[in-house]
Amino acid sequence: MQIVQTGPDDARFPAWCEVWAATQRADRPDEAPRPARDHVALGRRLATPGGSVTGTHRAAVADGGVVGALRLLLPVRDNTTVAYVDLAVHPAARRQGVGSALLAEAGRLAAAAGRTAMVADVDEPVPQTPGRAFALHHGWTCDLRESRRDLVLPVDEARLAVLEEEARAAGPDYAVLTWRDRTPDDLVEDRALLGRRMSTDAPSGDVPVEEEHWDAARVREEEAAHVARGRTVLTGGAVREGRLVAHTELHVPLEQPERAQQGAMLVLREHRGHRLGARVKVAVLRELAATLPQVRRISTYNAESNRPMVAVNEALGFRRAGGLSAWTRRL
């Protein structure tokens, strides 16, 4: 077996993407795997200078075929001691040392980039997944556990109406609006503040991450990246005195719009207690039904310690569907 560098314009990259698709089909057979276009766009972003993140890709090759995939993401504006690791092994090649070899390569690349910690997520549709066993075997530490909850659409309108009425009564001084893909220019600085607060206020367990640097340019970079990856993003925001103080996002892959993902969701600490989370979620669900009725399910992840957000999601009808864990290895 060899480990070779690859990238979105390399002849091996379609097979690299297929490794990811095969693992996703094996682990969550009822869900469509991430399209190759998504991986290609992210790979090009990592290779473009001047952004907030850079990175590299490696392929494990055996008998002329790609059997393992590694992507290393390296933040450049903040958290410059951390490397984020994405690793997959084709189900037919598991337990043959492929993952261990790629993980060793990730450690070498991270150390060469001056990083002192590696962080990786493990999807856990059921208990005792191969990813969890692999992380434990290699001495990684589980620093955060989140629960996944799914919402089957459409949501009952009576349920939405009750939640909206209660939330309006709790925050009558706030207006709610929605937009798609591009934050209005007069709100982009406030959106940057929400991104910065998201990095510190959302539960992160013991994952060794620090506050992220967000400004208007980074907001626009992220928005352009979503478009390039074939996603459309619906956002609901709460505004008071012209300032954006809360928001929620839904990411919809246009090639496979049946399943959407919850993106960032935050209410500024000084504006909590007014049911703004419920109001913006109701607003974006209504916008989704009106403009993208093909979406049949939404998935979201929350730490169980984030009880206010879990309560909002459960009131909307989200139900448990597995989990996600974040693992760390100090170098």
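Odds and ends about this structure:
- Considering only residues in region 143-156 that are in contact with a helix residue (DSSP H, G or I) (Cβ under 9 Å, 6 or more places away or on another chain) and not in a loop (DSSP other than H, G, I, E, B), the one that is nearest to Ile298 (Cα to Cα) turns out to be Leu151.
- Qualifying positions in region 32-72 - within 23 Å of Leu324 (Cα to Cα) and open to solvent by 30 Å² or more (accessible area, probe 1.4 Å): Ala32, Arg34, Ala36
- Across region 254-265, the qualifying residues are those that are open to solvent by 10 Å² or more (accessible area, probe 1.4 Å) and in a strand (DSSP E or B), and the one among them that is nearest to Pro172 (Cα to Cα) is Met265.
- Residue ID - farthest from Arg275 (Cα to Cα), chosen from residues in region 218-259 that are under 16 Å from the mean Cα position of the chain (by Cα) and β-branched (Val, Ile, Thr): Val227
- Meets criteria (in contact (Cβ under 8 Å) with a residue 40 or more places away in the chain, open to solvent by 20 Å² or more (accessible area, probe 1.4 Å), closer than 24 Å to Asn313 by Cβ and among the small types (Gly, Ala, Ser)) for Ala175: yes
- Number of the exception - Gly114 against (1) at pLDDT below 95; (2) over 17 Å from the mean Cα position of the chain (by Cα): (1)
- Looking across region 81-103, the residues that are within 21 Å of the chain's Cα centre (by Cα) and over 19 Å from Leu42 (Cα atoms) come down to Thr81, Val89.
- Residue within region 135-142 that is within 25 Å of the chain's Cα centre (by Cα), outside any loop (DSSP other than H, G, I, E, B) and among the aromatic types (Phe, Trp, Tyr) present: no
- Hits in region 117-134 - residues which are more than 22 Å from Leu74 (Cβ to Cβ), aliphatic (A, V, I, L, M) and within 21 Å of the chain's Cα centre (by Cα): Val126
- Residue pairs meeting the criteria (Cβ under 8 Å; at least 6 apart or on separate chains; first closer than 17 Å to Ala303 by Cα and open to solvent by 40 Å² or more (accessible area, probe 1.4 Å), in region 114-127; second part of a loop (DSSP other than H, G, I, E, B) and of a type in the set (Val, Ile, Thr)): Asp123/Thr129
- Strands (runs of 3 or more DSSP E) completely within region 55-131 that count 3 or more residues being farther than 29 Å from His213 by Cβ: 65-75
- Residues located in region 73-88, provided they are on the phi > 0 side of the Ramachandran plot and surrounded by fewer than 19 Cβ atoms within 10 Å (Cβ to Cβ): none
- Here His251 clears all of (1) modelled with pLDDT of 95 or more; (2) open to solvent by 10 Å² or more (accessible area, probe 1.4 Å); (3) not in a strand (DSSP E or B) except the condition numbered (3).
- Any hit, region 199-210, residues being within 19 Å of Leu73 (Cβ to Cβ), charged (D, E, K, R) and either open to solvent by 50 Å² or more (accessible area, probe 1.4 Å) or not in a helix (DSSP H, G or I) (or both): yes
- Arg28 being of a type outside the set (Phe, Trp, Tyr) and touching a helix residue (DSSP H, G or I) at 6+ places or on another chain (Cβ under 8 Å): no
- Filtered by the rule that a residue be open to solvent by 10 Å² or more (accessible area, probe 1.4 Å) and part of a strand (DSSP E or B), region 234-245 gives Val239, Arg240, Arg243.
- In the set Arg279, Arg307, only one residue is modelled with pLDDT of 95 or more, open to solvent by 10 Å² or more (accessible area, probe 1.4 Å) and of a type in the set (Lys, Arg); that residue is Arg279.
The values are calculated or read from the model by the stated rules, or taken from the named source; none is laboratory data. If you're wondering where the values come from, they're calculated on a predicted model, not measured in any experiment. FYI the Cβ positions are ideal-geometry reconstructions off the backbone, even for glycines, and counts take in every protein chain you see. Note: areas computed on protein heavy atoms with side chains; ligands, DNA, RNA excluded. Shrake-Rupley method; radii C 1.70, N 1.55, O 1.52, S 1.80 Å.
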